[in-house]
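Working notes, structure below.
Each value in this text was obtained by applying a stated rule to the coordinates, not by laboratory testing. Please read these numbers as outputs of a predicted model, since none were measured by experiment. Note that each Cβ is placed from the backbone with ideal geometry, even for glycine, and that neighbours are counted across all protein chains shown.
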Amino acid sequence: MAFTAKDVVALREKTGVGMMDCKKALVETDGDIDKAIEVLREKGLASAAKKASRVAAEGVIASYNDGKSGALVEINCETDFVAKGEPFVNLANAVAKTVVTANPADVDALLATKVADGDNTVEEAVQEVFLALRENMKVRRFARMDGHVVTYIHGNGTVGVMVAFDTDDATAAKPEFNEMGKNVAMQVAAMSPEYLSKDDISADELEKMKMIVVESALNTPASLPIPILNSIIEEAISEKKWSDEDIEIYNGLDNKQRKNFTNFISKEAYAILAEIAVSHKAEIAENKIFAGLVQGRISKQIKEICLSEQPFVRSDLFDGPVSGYVSSVAKALGAEIKINSFVRLAKGEGIEKKQENFADEIASMVK
């Protein structure tokens, strides 16, 4: 069967594959477009298998929200150029919609699911885009929530956030609610909270936080309460744990200078203070002043890692914690609104990128 230039163009439009590859496929199949598509797909699968080991740390986070459920999905590719292209972005958006409509159990189930508004499975859709773009690409992960959900995508898909709220349908339909939801989602994108509230932090995690704060305080003796600091300095001097030079320097400081004594003593002398503090850990930990210092630092950390306790970044709208901002909007609307949960996905998070120098990169391109 003969074929014309129009057939080559038609095959390219259907597959997105380059003109020369389309022509070769038509030659191989004697002009049969359907068979040519299969040939291109098979060659693409073989090529994809070869490229599967290549690091795909670029890509996008895409979202979809139908008013009843929301979803975020991360699809990775190799280069930022491909990630910003329309075919790849359209693929990601279609997969996000599929997560909402099909509610798959995991990534494997998602790959086997037909794309929303399409005939191919998600895996086949990814393969088709690969045929056109020739980069390793993977559906890495997704998240799905039901209920009154607000989604937000930051920076062309670099970060995606989804926040679920407890409220009634009438309130959720109001523009003020959507604006509030977007502001909270932007807070999550910017401040990367780990928990919704301090009640979500387990006792084990709190104990770990306490241990870290205690160890940090003991190893930075200048930050210790004055009575404790003076006590360990006295031990360093009286038991001659410091050098004669450091002892002489410290004893020669006036009260004002002693407030900044670390500027005068040696690094070795400061390290010795830390060693003394650590050796008296049990005793220092029971000190009420020290316990207050530790609790203060833990409280500060909780405000940093818990969404509800974080200072609201849009201080022009509300000066206080995020929970206070949500309550203020709820009061204005005469409704009950509470944050139920949230998810934050960052593109390429946890993927180790391969580092190459420029010469190696060029060499790999010409192989």
What number, in percent, do you get for the relative contact order of the chain if the mean sequence gap of Cα pairs under 8 Å and at least 6 apart is divided by its residue count? 18
Place +1 on the Cβ of every Lys and Arg and -1 on the Cβ of every Asp and Glu in the chain, take the dipole about the Cα centre, and give the residue among H280, L91, M191 whose Cα lies farthest towards its positive end. L91
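Most exposed first by the Cβ proxy, i.e. fewest other Cβ within 10 Å, how do S197, S238 rank? Could you put the intermediate results ahead of the total?
Numbers: S197 15, S238 10.
The fewest-first ordering by Cβ neighbours comes to S238, S197.
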Amide H of R141 versus every other amide H placed in the peptide plane: which residues, excluding those fewer than 5 positions away on the same chain, fall under 5 Å? E74
Could you give me the ³J(HN,Hα) list for segment 133-143, computed from phi with Karplus coefficients 6.51, -1.76, 1.60 and θ = phi - 60°, whole Hz, x at Gly and Pro? 9, 6, 10, 4, 9, 9, 7, 8, 6, 8, 9
Label selected from (1) 32.1; (2) 19.8; (3) 28.0, the criterion being mean projected area of the Cα convex hull in nm² as computed here: (3)
Relative to the longest principal Cα axis of the chain, at what angle does helix 226-238 sit, 0 to 90 degrees, rounded to 10? 70
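On a 27 Å Cα-Cα criterion, which of the cross-link pairs K23/K97; K208/K288; K182/K331; K182/K347; K84/K114 come out too long?
K23/K97
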Are there GluC sites (Glu not before Pro) in segment 230-263 that DSSP marks as loop and that have at most 12 other Cβ atoms within 10 Å, and which are they? E239
Search the structure for amide H atoms under 5 Å from the amide H of T121, placed 1.01 Å from N in the peptide plane, and list their residues when 5 or more places away or on another chain. V115
Net charge around G118, counting only other residues with Cβ within less than 13 Å of its Cβ (Lys, Arg = +1; Asp, Glu = -1)? -3
In degrees, nearest 10, range 0 to 90: what is the angle between the Cα axis of helix 322-333 and the longest Cα principal axis of the chain? 60
Quick one: angle between helix 5-15 and the longest Cα principal axis of the chain, in degrees between 0 and 90, rounded to 10, please. 40
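Go through segment 279-329 and name the GluC sites (Glu not before Pro) that are in a DSSP coil and have 11 or fewer other Cβ atoms within 10 Å of their Cβ.
Filter output for segment 279-329: E286.
How large is the dipole of the chain about the Cα centre if only Lys and Arg carry +1 and Asp and Glu carry -1, each at its Cβ, rounded to the nearest 20 debye? List each step's numbers first, then the result.
Details: 44 positive and 58 negative charges, 111 e Å.
I would put it at about 540 debye.
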Just to check I understand the Karplus step: with θ = phi - 60° and J = 6.51 cos²θ - 1.76 cosθ + 1.60, what whole-Hz values come out for segment 100-116, glycine and proline as x? 5, 6, 9, 6, x, 6, 7, 5, 4, 5, 4, 4, 8, 8, 5, 4, 4
What ³J(HN,Hα) values, in whole Hz, does the Karplus curve 6.51 cos²θ - 1.76 cosθ + 1.60 give for segment 242-247 when θ = phi - 60°, with x put for Gly and Pro? 8, 6, 4, 5, 5, 4
Magnitude of the Cβ-charge dipole of segment 49-152, K/R +1 and D/E -1, about the Cα centre, nearest 20 debye? 220
